[in-house]
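Okay, so here's the structure we're looking at.
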Amino acid sequence: MAEPIRFYMDQNFPGPVSRALARRGVDVLTAQDADRCGLPDSDQLDFATRNARVVVTFDPDFVALHQSVKEHAGIAWCEERKYTIGELIQALLLVHGVLDRDANWNHLEYI
């Protein structure tokens with residue numbers, strides 16, 4: 001059986017989204033919980049990759065990192081003001097339900 005993806009939420013991603021996903025059984029780690037706020041994006045991506053977690057972010061710098069970094073565990077990116085909190089939750093539940101860890105490796109998912 002394929003392993004489900006695990007999320008690593010960027011420090012600027014809304015807390016209500018992370019909490020709602022966790023309540024629904026999704027493995028979520030926030031930059032705040034990992035005590036990694038303020039670190040460079042490349043360090044955040046390295047941390048997520050070492051821990052086999054998909055970075056969830058609004059930061060377009062991660063799109064550029066995707067194109068330049070050799071390997072990562074996945075990035076889920078969207079524009080900051082594109083969705084409501086509820087829509088973000090639904091979109092990430094869909095990503096979680098459709099993709100597994102192997103399918104998401106080195107993958108950039110535009111939400």
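Values quoted throughout were computed directly from the atomic coordinates according to the rules given, and no laboratory measurement underlies them. No experiment lies behind these values; they were computed from the predicted model shown. Note that we place each Cβ from the backbone using ideal geometry, even for glycine, and neighbour counts take in every protein chain shown.
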- Item | Matching residues, the range 13-51, being surrounded by 19 or more Cβ atoms within 10 Å (Cβ to Cβ), among the hydroxyl-bearing types (S, T, Y) and in a helix (DSSP H, G or I) | S18, T49
- Restricting attention to the range 95-111, report how many residues are assigned to a helix (DSSP H, G or I) and surrounded by fewer than 16 Cβ atoms within 10 Å (Cβ to Cβ). 4
- Residue in the range 52-94 that is nearest to R24 (Cα to Cα), counting only those that are small (G, A, S) and surrounded by 13 or more Cβ atoms within 10 Å (Cβ to Cβ): A91
